[in-house]
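Enquirer: Quick one: structure below, then a few questions.
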Amino acid sequence: MPILCQDALWGLLCIHQCDGPRSWQQSDIDLAQQVSGPLAIAIQQSNLFEQLQQELRERQQAQQDLSRRNEELIRATRLKDEFLANMSHELRTPLNAILGMTEALQEEVFGTLGDRQVQALDTVERSASHLLALINDILDVAKIESGQVELDCAPCSVAPLCQSSVTFIKQQALKKRIQLSVNLPLNLPDIVLDERRIRQVLINLLNNAVKFTPEGGQITLAVTYPKPTEVQGETQYLRFSVIDTGIGISPDNIKKLFQPFMQIDSALNRQYEGTGLGLALTKRIVDLHGGQVGLTSEVGVGSCFTLDLPYQSSVILPTLAKSEEELTPNNVETQSTPTEAPLLLLAEDNQANISTISSYLTAKGYQIEVAHNGQEAIDKTLALSPDLILMDIQMPGMDGLEAMQRIREMPEYLSTPIIALTALAMEGDRDRCLAAGANDDLSKPVRLKQLVELIQKHLTQPNNRSS
């Protein structure tokens, strides 16, 4: 009898009379047919069960592979974060000494300078600042790619944002006799965005426009309302446009521009400096805002970069609560100062930074004691009771975070101001410093004038960590 599985012949059911010939009756044939049907079903179910078991084994293996990949991804992400933090520290630490010593020399802390020396220091300062900007770009792209950047959005007035961005590049434009203009419509709404990040985007686009626009050209920053057909969806947008009369970009090269480390070709790389990260950062920052980036360009005519940022027309800027006295930029200098030179404890392991910061602060009238690691900082705090502590975070042995925690565990030093000096640049580093006991923090490279203002602020006001 045939054994059929879904109309396919699986095999035969053979019945044999063993002890002699047999005349097979219709009832025997009917019985064999009744047996072959359930037998076919049983065989089919057995096959399905085996297939199910195989699928389960494959699924379990796939889940194990996925779990292993996830673990490897988590580990790779952690290693990348550690690498970025270490790279930030290693690159910013020598820059701190270069920029700090340059600032001290420019202020003639070590003596009077001649005109040629001033020009040389200006060159050093510009080059070091440019290097710092490149480092920041690389770290920003890496942090955005890993999802570590969170926007600090608040209502922002558009006109001051545009004017301050143009002011930043005005000097470079004047050197090339480039005409700058800002076109803003009346009654612009306030827009909710991360003002620092969007200013970074506008300055980057304006810098590029200056870089690629020949002498005597024109650059315009304009704000308009795009037509509904020019944007996706029903969201309302404000369009920021940076229009130049520069060298222009061919259609084939436009797609390359928003990729990290990408510039148009090697010839341009030799003629125009940069990492090719600026436009990649621009796109990612605008994407985080829920906006869109656009570009139209014609070779030899110019380019127009556009940012479409969503807004709500009902947004109104909150009234600032600070008084005029609180907003006075030089109010720190009017505070009363101690009659004796304050004693500052500098916890720092890098000798170049020790020399830079110590010499500058000594010239400003402070007494300086140095600790080279966290444990030494604790010991000298107990021995000297400094008026203020400058604490580097990454040091050999005990690091700055643990040292601050230990110092804050001693009741007599709960009110001693501590300023954390960190070359780290990862998201959450400031929160870690404050949680460990710092009153404030500065990222390296530290601007020495800013450091002095911060020191004076904490020396002339009651400790306010608890608030």
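The values are calculated or read from the model by the stated rules, or taken from the named source; none is laboratory data. All of these numbers come straight from a predicted model, not from anything done at the bench. No Cβ is skipped: glycine too gets one built from the backbone with ideal geometry, and neighbour counts run over all protein chains shown. Just so you know, the surface numbers come from the protein's heavy atoms only, side chains and all, with ligands and any DNA or RNA stripped out. Shrake-Rupley method; radii C 1.70, N 1.55, O 1.52, S 1.80 Å.
Enquirer: Among the residues of the stretch 174-227, count how many are in contact (Cβ under 8 Å) with a residue 60 or more places away in the chain and assigned to a strand (DSSP E or B).
Expert: 4
Enquirer: If you don't mind, there's one more thing I want to ask. From the list Thr362, Thr422, Thr416, pick out the single residue that is closer than 20 Å to His458 by Cβ, of a type in the set (Val, Ile, Thr) and modelled with pLDDT under 85. I'd like the intermediate steps shown before the answer.
Expert: Working: Thr362 fails: modelled with pLDDT under 85; Thr416 fails: modelled with pLDDT under 85.
Selected residue: Thr422, the only one of Thr362, Thr422, Thr416 that is closer than 20 Å to His458 by Cβ, of a type in the set (Val, Ile, Thr) and modelled with pLDDT under 85.
Enquirer: Could you list all residues from the stretch 96-112 that are under 18 Å from Lys364 (Cα atoms) and either out of contact with any Leu (no Cβ under 7 Å at 6 or more places or on another chain) or surrounded by fewer than 14 Cβ atoms within 10 Å (Cβ to Cβ) (or both)?
Expert: Step one: list which residues in the stretch 96-112 are under 18 Å from Lys364 (Cα atoms), which gives 97, 99-112.
If the condition is that a residue be under 18 Å from Lys364 (Cα atoms) and either out of contact with any Leu (no Cβ under 7 Å at 6 or more places or on another chain) or surrounded by fewer than 14 Cβ atoms within 10 Å (Cβ to Cβ) (or both), then Ala97, Leu99, Met101, Glu107, Glu108, Val109, Phe110, Gly111, Thr112 are the ones that fit.
Enquirer: Could you tell me whether Lys170 is without any contact (Cβ under 8 Å) to a residue 24 or more places away in the chain, under 16 Å from Cys304 (Cβ atoms) and not β-branched (Val, Ile, Thr)?
Expert: Spelling it out, it is not the case that Lys170 is without any contact (Cβ under 8 Å) to a residue 24 or more places away in the chain, under 16 Å from Cys304 (Cβ atoms) and not β-branched (Val, Ile, Thr).
Enquirer: Just name the residue that is nearest to Thr235 (Cα to Cα) out of those in the stretch 285-311 that are part of a strand (DSSP E or B) and either in contact with a His (Cβ under 8 Å, 6 or more places away or on another chain) or of a type in the set (Gly, Ala, Ser) (or both).
Expert: Pro310
Enquirer: When the stretch 349-379 is examined, which residues are found to be aromatic (Phe, Trp, Tyr) and open to solvent by 10 Å² or more (accessible area, probe 1.4 Å)?
Expert: Within the stretch 349-379, just Tyr366 meets the criteria.
Enquirer: Can you tell me which residue within the stretch 74-130, out of those that are hydroxyl-bearing (Ser, Thr, Tyr) and in a helix (DSSP H, G or I), is nearest to Val446 (Cα to Cα)?
Expert: Once the filter is applied, the top-ranked residue is Thr93.
Enquirer: Where residues in the stretch 184-209 are more than 13 Å from Ala159 (Cα to Cα) and of a type in the set (Lys, Arg), which of them is surrounded by the fewest Cβ atoms within 10 Å (Cβ to Cβ)?
Expert: Arg196
Enquirer: Hey, could you check the stretch 409-458 for residues that are polar (S, T, N, Q) and part of a helix (DSSP H, G or I) and say which is farthest from Glu82 (Cα to Cα)?
Expert: Among them, the one singled out is Gln456.
Enquirer: Then there's this: For the stretch 4-29, what are the residues that are assigned to a loop (DSSP other than H, G, I, E, B) and of a type in the set (Gly, Ala, Ser)?
Expert: Gly20, Ser23
Enquirer: Determine which single condition Ile138 fails, assuming it passes every other condition in (1) farther than 30 Å from Gln236 by Cβ; (2) surrounded by fewer than 18 Cβ atoms within 10 Å (Cβ to Cβ).
Expert: Among (1) farther than 30 Å from Gln236 by Cβ; (2) surrounded by fewer than 18 Cβ atoms within 10 Å (Cβ to Cβ), the lone unmet condition for Ile138 is (2).
Enquirer: Considering each of Leu346, Leu382, Leu401 in turn, give the residue that is modelled with pLDDT of 85 or more, part of a helix (DSSP H, G or I) and surrounded by 17 or more Cβ atoms within 10 Å (Cβ to Cβ).
Expert: None of the others qualify; the one that does is Leu401.
Enquirer: I'd like the full set of residues that are open to solvent by 100 Å² or more (accessible area, probe 1.4 Å) and either acidic (Asp, Glu) or touching a residue at least 24 places away in the same chain (Cβ under 8 Å) (or both), limited to the stretch 66-87.
Expert: Initially, the stretch 66-87 is screened for residues open to solvent by 100 Å² or more (accessible area, probe 1.4 Å), giving 68-69, 71-75, 78, 83.
Passing the criteria: Glu71, Glu72.
Enquirer: Can I ask one more? Here is a list of conditions, (1) of a type outside the set (A, V, I, L, M, F, W, C); (2) closer than 24 Å to Cys304 by Cα; (3) within 29 Å of the chain's Cα centre (by Cα), and Thr102 meets all of them except one; can you say which number that is?
Expert: The single condition Thr102 does not satisfy is (2).
Enquirer: Looking at Gln63, Gln54 in this structure, which one is open to solvent by less than 80 Å² (accessible area, probe 1.4 Å), in a helix (DSSP H, G or I) and modelled with pLDDT of 90 or more?
Expert: Gln54
Enquirer: Within the stretch 264-278, does at least one residue satisfy the condition of being open to solvent by less than 40 Å² (accessible area, probe 1.4 Å), at negative phi, out of contact with any Asp or Glu (no Cβ under 9 Å at 6 or more places or on another chain) and modelled with pLDDT of 55 or more?
Expert: No, the stretch 264-278 has no match at all.
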